[in-house]
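Visitor: First, the structure itself, so that you have it in front of you.
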Amino acid sequence: MQSENRLFEDFVKMMNGFAGTMAGMGREAEAGAREKFKSWIGGFDFVSRDEFEAVKAMAAAARDEVAALRAELAAQKDKGAMPTAYDTDGDGTEDAPAAKKPRAKK
């Protein structure tokens with residue numbers, strides 16, 4: 001037979017309530033600290049991971065384009081056909097310059 005001890009039961013209920021209160025306070029403190037940290041870090045103008053990845057992809061594409069243009073330039077140098085300002089189609093022959101419009105007199 002188990003004897004009922006009211007003092008012990010009240011103490012256990014009080015400790016359970018205290019533990020719940022402390023857990024809630026811990027969650028609130030963590031959320032507040034996260035918010036403060038985000039606002040503090042936001043002042044440093046850091047970029048997000050998505051923005052970094054986008055710029056990284058743009059830089060890789062630019063490097064690839066520069067490499068392709070260098071290879072094309074080297075191939076044209078080897079052929080002896082350097083493009084000129086009037087070589088608009090890239091075939092090594094000069095195309096006719098665009099006709100200039102006469103200036104209007106004032």
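Visitor: Which loop chymotrypsin sites (Phe, Trp or Tyr not before Pro) in the range 29-60, with loop taken from DSSP, have no more than 13 other Cβ atoms within 10 angstrom of their Cβ?
Guide: Passing sites in the range 29-60 are Phe44, Phe46.
Visitor: For the residue pair Glu35 and Asp50, what label-to-label distance in nm results when each label sits 7 Å from Cα along the Cα-to-beta-carbon direction?
Guide: 2.3 nm
Visitor: Now for a separate question. Can you pull the one-decimal nm distance between simple spin-label points at Arg6 and Gln76, each 7 Å off the Cα toward Cβ?
Guide: 10.0 nm
Visitor: Next question. Compute the Cα gyration tensor for the range 7-46, then decide on rounded, prolate or oblate, letting a ≥ b ≥ c be the square roots of its eigenvalues: rounded whenever a/c is under 1.5, prolate when a/b is larger than b/c in the other cases, and oblate in all that remain.
Guide: Here the range 7-46 falls in the prolate category.
Visitor: Please identify every one of the GluC sites (Glu not before Pro) in the range 1-53 that sits in a loop by DSSP and has no more than 14 other beta carbons within 10 Å of its own beta carbon.
Guide: Glu4
Just so you know, all these numbers are worked out from the coordinates, no wet-lab data involved. Computed from a prediction, not measured in an experiment: that's the story for all the values here. Heads up, the Cβs are rebuilt from the backbone with ideal geometry, glycines too, and the neighbour counts pull from every protein chain shown.
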